[in-house]
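These notes concern the structure reproduced below.
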Amino acid sequence: MSEKRAVVLGAAGFIGSHLTDRLLAEGWRVTGMDNFITGTRRNLEHLSREPRFDFVEGDICQPLDAITGRVDAVLDFASPASPIDYLKHPFETLHVGSHGVENALRLAKRAGAVFVLSSTSEVYGDPLEHPQRESYWGNVNPIGPRAVYDEAKRFAEAITVAYRRYEKVDVRIARIFNTYGPRMRLDDGRIVPTFVAQALRGQPITVFGEGTQTRSFCYVDDNVEGIWRLLHARFQDPVNIGNPHEMTVLQFAEAVQRFVGSHCPIVHEPLPEDDPRVRRPDITRAKEVLGWEPRVGFEDGMRRTIAWFRERV
Ligand code: NAD
């Protein structure tokens, strides 16, 4: 059988670039696309001589006519994802989650390709059910500051399901929980790079509120394995991809201090509006449908991530 071809939208981003590497390692050809709004060319530099990779610079909110020929999978990982990024780019975030996702779905329909949406645990909002199962409809403030991201992703899921229902596109929906690892931007404002950069620079670690809110962190290799399996699973409903190992933000800050070997203090800052109080995926479905669960332990993943950041601080 001839070589398969994937189109990765958001290929210059954190997860998109790791996914591109994985697809290439599995023998696929990959066309990446990105407008660099939050991603960076550096994430793809190592592929400059890779004959099975090509890149189109562009905005997926414009029709994707430049992408022609055989396409077996369209993986949409294009969207500002960190609060700093989507609050700086509110309209771009709303547009990429609506027009952008529809353009990606149209491409998948035209090519007869599988479509994979990178949705998010933020569709659960500040959840009243814990841990979060895919059957939970969420508790999202539609007019709060985070709505530009949360509601864009909820719309993205809705239009994806509409293309499945009415246009017969073969879709996958990954509800991704906090993912971390090398190639995150140091200044993207997400908790892992922020705390690690602060500790490496010997600055105080800034915890929002008391730090009793919980988070669970999935190492990027585990995430990509989950996406890879989802791509191949004949399963069209949403699947949580995340690590169920839950900890408080304060525990996380203390772990960063320990791993970095830093004696910098932990300081508290006001809690942002609508900050989720708890976050932990129920991954029963991913285990059953994909035979997937995270393999990389927290300490191992953090050490690999810190080593990468240490070179760049
Ligand atoms: P990222 O910001 O590193 O990557 C997103 C990429 O998409 C960037 O390279 C950006 O330039 C590109 N992009 C954005 N808008 C675009 C547009 N209109 N046209 C072309 N390219 C565009 O973020 P990430 O963490 O890699 O997230 C990737 C996807 O996974 C996003 O959809 C995000 O919502 C989702 N996700 C990520 C996490 C996480 O913890 N990292 C959690 C939940 C969901």
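Laboratory data are not the source of any read-out in this text; all were calculated from the coordinates shown. Only a predicted model underlies this, so the values are computations on that prediction, with no experimental measurement involved. Note that we place each Cβ from the backbone using ideal geometry, even for glycine, and neighbour counts take in every protein chain shown.
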| Sorting 116, 56 on the 10 Å Cβ count, fewest up front, what's the list? | 56, 116
| task | Place a +1 charge on the Cβ of each Lys and Arg in the range 219-313 and a -1 charge on the Cβ of each Asp and Glu, then give the dipole magnitude about the Cα centre in debye, rounded to the nearest 20. | result | 300
| task | Of the DSSP beta bridges with both residues in the chain, give the percent that are antiparallel, rounding to the nearest 5. | result | 10
| request: For the range 251-313, count the residues as N, evaluate 2.2 N^0.38 Å, and divide the Cα radius of gyration by that value, please. | output: 1.51
| For the chain, with only Lys/Arg (+1) and Asp/Glu (-1) charged at the beta-carbon, what is the dipole magnitude about the Cα centre, in debye rounded to 20? | 700
| query | Which helices, taking whole DSSP H runs in the chain, have alpha carbons extending 20 angstrom or more along the helix axis plus mean Kyte-Doolittle at least 0.0? | reply | none
| said: Could you work out how much longer the chain between residue 232 and residue 311 gets when fully extended? Use 0.36 nm per residue separation minus the Cα distance between them, nm to one decimal. | reply: 24.9 nm
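Let's see if you can work this out: charge +1 on each Lys and Arg Cβ, -1 on each Asp and Glu Cβ, no other charges. What is the dipole magnitude of the range 134-275 about its Cα centre, in debye to the nearest 20?
460
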| task | Normalising by the residue count of the range 212-309, find the relative contact order in percent from Cα pairs under 8 Å and 6+ residues apart. | result | 46
| How high is the relative contact order of the range 161-261, given as a whole-number percent (alpha carbon pairs under 8 Å, six or more residues apart)? | 40
| note | Note on the range 95-151: alpha-carbon gyration tensor, axes a ≥ b ≥ c; rule is a/c under 1.5 for rounded, else prolate if a/b larger than b/c, else oblate; result oblate
| field | For 212, 40, 194, order by how many other beta-carbon atoms lie within 10 Å, fewest first | value | 212, 40, 194
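Quote the relative contact order of the chain in percent (integer), defining contacts as alpha-carbon pairs under 8 Å separated by 6+ residues.
Computed value for the chain: 17 percent relative contact order.
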| query | So how do 79, 98 line up by other beta-carbon neighbours within 10 Å, fewest first? | reply | 98, 79
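For the chain, state the semi-axes of the equivalent ellipsoid (square roots of 5 times the eigenvalues of the alpha-carbon gyration tensor), sorted largest first and rounded to whole angstrom.
In descending order, the three semi-axes are 31, 22, 18 Å.
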| remark: Over the chain, the sum of -39500 (n - 2.57) across DSSP H runs of at least four, divided by residue number and rounded to 500 deg cm²/dmol, gives at 222 nm -10500 deg cm²/dmol
| request: Return the FRET efficiency for the residue pair residue 162, residue 137: r is the Cβ-Cβ distance, R0 is 22 Å, and the value is rounded to the nearest 0.05. | output: 0.80
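Let a ≥ b ≥ c be the square roots of the eigenvalues of the Cα gyration tensor of the range 5-74; is it rounded (a/c under 1.5), or, if not, prolate (a/b larger than b/c) or oblate?
Working: a/c = 1.67, a/b = 1.05, b/c = 1.59.
The shape class here is oblate.
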| note | If each part is reduced to its alpha-carbon centroid, the range 1-75 and the range 217-253 end up apart, in Å, by 21
| remark: For residue 168, counting only lysines whose alpha-carbon sits under 30 Å away and dropping same-chain residues fewer than eight positions off, the answer is 4, 109, 153, 287
